[in-house]
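For reference, the structure discussed in these notes is given below.
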Amino acid sequence: MSEHTLKKVGLIGCGAIGTRIARAIDTGELKAALAGVCDIDPQRARTLSESLNGKPPIMSAAQIVDAADIVVEAAHVSAVPEAVDLCIEKGKDLMVMSVGGLTPEHFERFENSAVNLYMPSGAVCGLDGVLASNLEHIDTVTLTTRKPPAGLKDAPFIVQNNIDLDSLTAEKTVFEGSPAQAIKGFPKNINVATTLYNAANVDGKFRVRIVADPAVHSNIHEINLSGALGSIRITVENVPSPDNPRTSALAYYSAIATLRKILSHVKIGT
């Protein structure tokens, strides 16, 4: 496949997830071309660009959308509204990693447009079963996320409530509430709650619990669903990203797998 026939991917966000996606394209693991990179920190964008063989140009978010066929947001929940506006205006497909930044209005706008919104599974598994269960009645969904204390540091909820994570010698439940409350308090830690919530679509029946546990060295997500089609119980124990302990390595591999599925003519799974 020549460079001219490859789909062009534009990357907004050059952190741990964005870097992995960029390298997958740069090495040919993903059959696509990297149209450009963008980050709120210009130096981080330059560092990523210079580390790649293709030396993609550094652009603004608007320039990324103009240059790309598919835009990937891998920055922060605050970057999502602009990415949505630009992609719908320019007619470009968008893949969002910071799914906590999406709102019901965003979904409605994409449904009424000619472009696609993609939400990878991220750090959880089993969304195919959740989506199928959603076709019938779901009674309850619970998500318990257990992380090393270091993976929760600096989260707004932790800071605002003066929770001391450094002195923990045993597990501590630091949060219980709705997915919306969870993503507000932990915008870099609990995107899985938003993805799962949108797959289940059960207002008021979905609770999130976040546990800081000094005895664990991985990010663990436990999902329990009960409904008309039966029960689903899933436990995913993820290795944290070596570049960012707040992010599971599975999250960026999920992003790469989603892009591969988009780019391929063979689609596997729900």
Is it the case that ALA150 is surrounded by fewer than 20 Cβ atoms within 10 Å (Cβ to Cβ) and either closer than 19 Å to ALA193 by Cβ or hydrophobic (A, V, I, L, M, F, W, C) (or both)? yes
Can you name the number of the only condition in (1) in contact (Cβ under 8 Å) with a residue 60 or more places away in the chain; (2) more than 28 Å from ASN116 (Cα to Cα); (3) surrounded by fewer than 24 Cβ atoms within 10 Å (Cβ to Cβ) that GLY185 fails? (1)
Does the range 99-110 contain any residue that is of a type in the set (S, T, N, Q), farther than 27 Å from ASP243 by Cα and over 15 Å from the mean Cα position of the chain (by Cα)? no
Which members of the range 1-43 meet the condition of being charged (D, E, K, R), crowded, with 17+ Cβ neighbours inside 10 Å and closer than 16 Å to ASN244 by Cβ? ARG20, ARG23, ASP39
Checking the structure you have, find out if any residue of the range 93-103 is in the same structural domain as ILE232 (by TED's automatic domain parsing), free of Cβ contacts under 8 Å to residues at least 24 places away in the same chain and either touching a helix residue (DSSP H, G or I) at 6+ places or on another chain (Cβ under 6 Å) or surrounded by fewer than 21 Cβ atoms within 10 Å (Cβ to Cβ) (or both). no
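Yes/no matrix, rows are residues, columns are (1) aliphatic (A, V, I, L, M); (2) without any contact (Cβ under 8 Å) to a residue 60 or more places away in the chain; (3) over 20 Å from LEU250 (Cα atoms):
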| site | (1), (2), (3) |
| --- | --- |
| ASN162 | no, yes, yes |
| VAL192 | yes, no, no |
| TYR197 | no, yes, no |
| GLY204 | no, yes, yes |
| ARG207 | no, no, yes |
| HIS217 | no, no, no |
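The values are calculated or read from the model by the stated rules, or taken from the named source; none is laboratory data. Quantities reported herein were computed from a predicted structural model and do not represent experimental measurements. Here the Cβ is made from the backbone with ideal geometry for all residues, glycine too, and neighbour counts use every protein chain on show.
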